[in-house]
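The values are calculated or read from the model by the stated rules, or taken from the named source; none is laboratory data. What you are looking at is a predicted structure, and each value in this text was computed from that prediction instead of being measured. Cβ: placed from backbone, ideal geometry, glycine included. Neighbour counts: every protein chain shown.
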């Protein structure tokens with residue numbers, strides 16, 4: 001009797017094992033994109049190349065705009081369940097996919113039925129990796145309500161920031177101590193972007209933002225450039241830098257193209273030297289050691305970069321991913337002083353200054 005019972009039990013276990021579904025192959029590993037109907041531009045600018053799911057809970061995305069030498073390598077929280085993948089971009093935004101792994105092939109399918117196919121590779125190649133940079137100093141707290149859309153600027157001796165009331169303040173970068181406020185303008189055009197001599201080039205949050213003015217302390221206007229009227233080439237201005245030329249970064253409102261305008265601001269009238277179309281967006285500009293640099297905040301979940309611009313080819317000569325700030329904070333200013341690049345960080349209820357040495 002016992003032998004019959006044991007045999008019956010063994011048969012039952014064998015039958016149960018036969019009916020068990022095979023384990024889902026793991027999605028862990030590095031995957032190279034082969035083909036895609038899915039638009040991954042929310043994840044990286046340009047094209048996605050690799051998805052690294054090796055680290056539990058954190059996905060690495062690698063891609064960029066090859067023609068511009070722009071690399072992007074954001075880290076995104078994720079969850080992988082049985083047959084699903086969720087990429088998380090904050091408390092209220094996520095992307096959900098159906099997930100299938102068959103051998104060395106991973107397939108994602110979105111809610112619209114669009115598919116993307118990846119093949120397993122051993123690692124992310126070095127040419128797809130991003131260079132990072134660490135803070136040389138900071139944070140240095142700044143107790144000031146900073147003017148919207150304005151930049152952190154430098155006159156070669158100290159830093160400057162503008163407040164909402166039309167005043168500008170010299171700042172000690174080592175301590176964050178504010179100097180005596182000085183009136184720049186009692187009206188508009190106080191969102192300072194760069195300096196030429198002792199004057200400030202400033203924009204204003206009004207209209208189509210196609211005008212930048214050169215303002216002197218005390219409120220006198222020294223020069224004005226309406227890109228649409230004076231240059232016959234309208235630009236919605238995001239940032240500016242002055243070296244031997246005045247550079248404006250922004251968006252052509254007629255074509256939606258990202259552009260740099262190169263201007264001889266010493267000429268009278270001002271002269272448009274060249275229009276530089278770009279395959280990426282620049283938020284702020286500065287001249288550092290004779291080269292034009294830009295601040296890029298193209299990824300909404302925190303990947304920010306500083307890049308040296310190759311204006312001869314309208315590409316990036318080199319770029320560095322900045323340290324991530326806490327959730328909700330953002331970089332909003334870039335300038336050069338004493339061989340360092342200084343960054344203004346906005347924490348919502350406070351500001352801080354950091355420096356890096358590229």
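Residue by residue through segment 140-170, note down the ones that are part of a loop (DSSP other than H, G, I, E, B) and either under 20 Å from residue 336 (Cα atoms) or under 22 Å from the mean Cα position of the chain (by Cα) (or both). Even if it seems obvious, please write down each step before you answer.
Step one: of segment 140-170, the residues part of a loop (DSSP other than H, G, I, E, B) are 143-145, 147-152, 155-158, 164-166.
147, 148, 149, 150, 151, 152, 155, 156, 157, 158, listed by residue number.
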So, residue 293, is that one crowded, with 22+ Cβ neighbours inside 10 Å, touching a strand residue (DSSP E or B) at 6+ places or on another chain (Cβ under 6 Å) and touching a residue at least 12 places away in the same chain (Cβ under 8 Å) or not?
yes
Restricting attention to segment 296-336, which residues are over 22 Å from residue 60 (Cβ atoms) and in contact with a strand residue (DSSP E or B) (Cβ under 9 Å, 6 or more places away or on another chain)?
308, 309, 310, 311, 314, 315, 317, 332, 333, 334, 335, 336
How many residues does segment 131-158 contain that are surrounded by 19 or more Cβ atoms within 10 Å (Cβ to Cβ) and closer than 30 Å to residue 69 by Cβ?
6
Just name the residue that is nearest to residue 92 (Cα to Cα) out of those in segment 337-353 that are surrounded by fewer than 22 Cβ atoms within 10 Å (Cβ to Cβ) and touching a strand residue (DSSP E or B) at 6+ places or on another chain (Cβ under 7 Å).
346
Which listed residue, of 205, 235, 231, 246, is at pLDDT below 95 and either buried (at least 23 other Cβ atoms within 10 Å of the Cβ) or within 19 Å of residue 285 (Cβ to Cβ) (or both):
205
Would you be able to say whether some residue in segment 172-194 is surrounded by fewer than 14 Cβ atoms within 10 Å (Cβ to Cβ), part of a loop (DSSP other than H, G, I, E, B), in contact with a strand residue (DSSP E or B) (Cβ under 7 Å, 6 or more places away or on another chain) and at pLDDT 95 or above?
yes
